[in-house]
1. If we only count strands (runs of 3 or more DSSP E) wholly inside the range 167-214, which ones have 3 or more residues that are touching a residue at least 24 places away in the same chain (Cβ under 8 Å) and crowded, with 19+ Cβ neighbours inside 10 Å?
2. Just one of SER129, SER121 is assigned to a loop (DSSP other than H, G, I, E, B) and either modelled with pLDDT of 90 or more or open to solvent by less than 30 Å² (accessible area, probe 1.4 Å) (or both); which is it?
3. Being among the polar types (S, T, N, Q), under 30 Å from ARG70 (Cα atoms) and either buried (at least 19 other Cβ atoms within 10 Å of the Cβ) or free of Cβ contacts under 8 Å to residues at least 60 places away in the same chain (or both) narrows it down to one of SER114, SER134, SER148, SER140, so name that one.
4. Going by the conditions given, is TRP158 over 30 Å from ASN32 (Cα atoms), in contact with a strand residue (DSSP E or B) (Cβ under 7 Å, 6 or more places away or on another chain) and assigned to a loop (DSSP other than H, G, I, E, B)?
5. How many of the residues making up the range 220-231 are open to solvent by 60 Å² or more (accessible area, probe 1.4 Å) and out of contact with any strand residue (DSSP E or B) (no Cβ under 7 Å at 6 or more places or on another chain)?
6. Mind counting the residues in the range 71-91 that are out of contact with any Leu (no Cβ under 8 Å at 6 or more places or on another chain) and either open to solvent by 60 Å² or more (accessible area, probe 1.4 Å) or within 25 Å of PRO39 (Cβ to Cβ) (or both)?
7. Looking at the range 44-68 only, could you name the residues that are surrounded by fewer than 16 Cβ atoms within 10 Å (Cβ to Cβ) and in a strand (DSSP E or B)?
8. Based on what the data block shows, is GLY41 assigned to a loop (DSSP other than H, G, I, E, B), more than 15 Å from SER121 (Cβ to Cβ) and at pLDDT 90 or above?
Amino acid sequence: MLYRAAVLVFLVGVTDGVKVFCNATRPHGDVNVPQCFGPLGGAVEVQLFTPLSQGYIVTLKKNENFLFFRDIERTIQVENYSFDLSTGIFTVKDIKRTDDAEYSIEIYHENGRSIAVGICSLSVQAPVSSPLLSLECLASGEQRVSCSAEGDALRYGWSLDGNPLVDTHLLSGSGATSHMTLKLGWSGVIKCSVSNDVSISTASTTVSVCVGFIYVNCTSKGTSISQWVHRDNNTLCIETPEEPGNVNETGLIYVNCTSNGTSISQSTVHRDNNTLCIETPAQDVERIHIMINGFRVAIALLLTVALGVYCTRRKKTSKAPKDQTLTAGNTHVW
């Protein structure tokens with residue numbers, strides 16, 4: 001029976017890859033096989049025994065194939081495999097997929113008597129690459145978050161400002177998947193952790209509320225309102241102007257007029273978009289024609305009156321000299 005042994009991960013440099021340590025020692029009488037993990041391209045150190053003194057015969061097998069042999073006179077080993085009696089550690093370097101196998105080490109006394117047997121099962125995993133973290137604002141204000149990485153048997157973990165992401169943060173997905181959707185209104189530093197049994201890698205970025213969304217917190221007509229909305233579509237907590245024609249901060253005006261015989265009273269009209277009680281161009285032309293015709297009639301009446309006055313005065317002026325001549329003549333005759 002396999003059981004997972006304790007695995008410690010060490011990052012020892014890019015050229016050497018990942019190095020891990022696995023404690024595969026077993027209590028006396030335990031027949032279970034410890035499970036260890038090795039990083040592809042890296043190295044693993046497996047603690048199989050407590051330190052032993054020199055002078056023993058050691059054999060190392062991989063699926064019954066000899067990899068290492070040591071006695072008092074000689075040491076024979078296959079490249080990349082080694083065992084150190086002074087530490088009790090078995091090491092595999094430059095791990096390949098073919099190193100995924102069961103390993104056993106047996107230690108004998110000089111007389112051939114078996115002293116100890118160590119065994120472990122090694123599973124090879126590709127280490128986790130550097131995660132790529134991306135954010136996308138949705139039209140409704142939520143944010144789709146995704147974390148992608150390469151490697152074997154990947155596990156994901158998420159946090160926001162150092163606290164694990166829970167269902168109250170999420171619209172969909174979970175804190176154990178590679179992608180999720182954050183509810184509207186959350187902000188802070190979001191961190192993605194990707195791990196497997198041989199390595200762990202993280203990425204983080206700052207999350208902000210999507211552009212254009214505002215938080216409305218007010219009371220309207222006795223009702224308390226607390227809600228995220230887009231500012232361009234906000235109709236919450238907008239007060240109606242008290243007097244017709246007054247404009248509030250949002251640009252809404254109160255229209256009270258009569259157009260084409262129809263009475264109009266409306267308070268949710270924006271002044272920039274108002275088309276109520278505004279005459280059309282055809283109505284403007286008709287009004288101008290009426291005014292012109294009125295002016296024409298007025299001018300005609302004025303001309304008629306002026307002509308009448310002129311004629312009257314002219315007539316009176318032409319009669320006056322004749323009367324004076326007759327008078328003068330009569331005076332002369334007398």
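1. It comes to 188-195.
2. Going through SER129, SER121 in turn, the sole match is SER129.
3. Going through SER114, SER134, SER148, SER140 in turn, the sole match is SER114.
4. No; evaluated as a whole, the condition is false for this residue.
5. Residues meeting the conditions: 4.
6. Total meeting the criteria: 11.
7. Scanning the range 44-68 gives ASN65, PHE66.
8. yes
The values are calculated or read from the model by the stated rules, or taken from the named source; none is laboratory data. Computed from a predicted model, the values in this text were never measured in an experiment. Backbone-built Cβ (ideal geometry, glycine too); neighbour counts: all protein chains shown. Ligands, DNA and RNA are stripped out before the accessible areas are found, and what is left, the full protein with its side chains, is counted by its heavy atoms. Shrake-Rupley method; radii C 1.70, N 1.55, O 1.52, S 1.80 Å.
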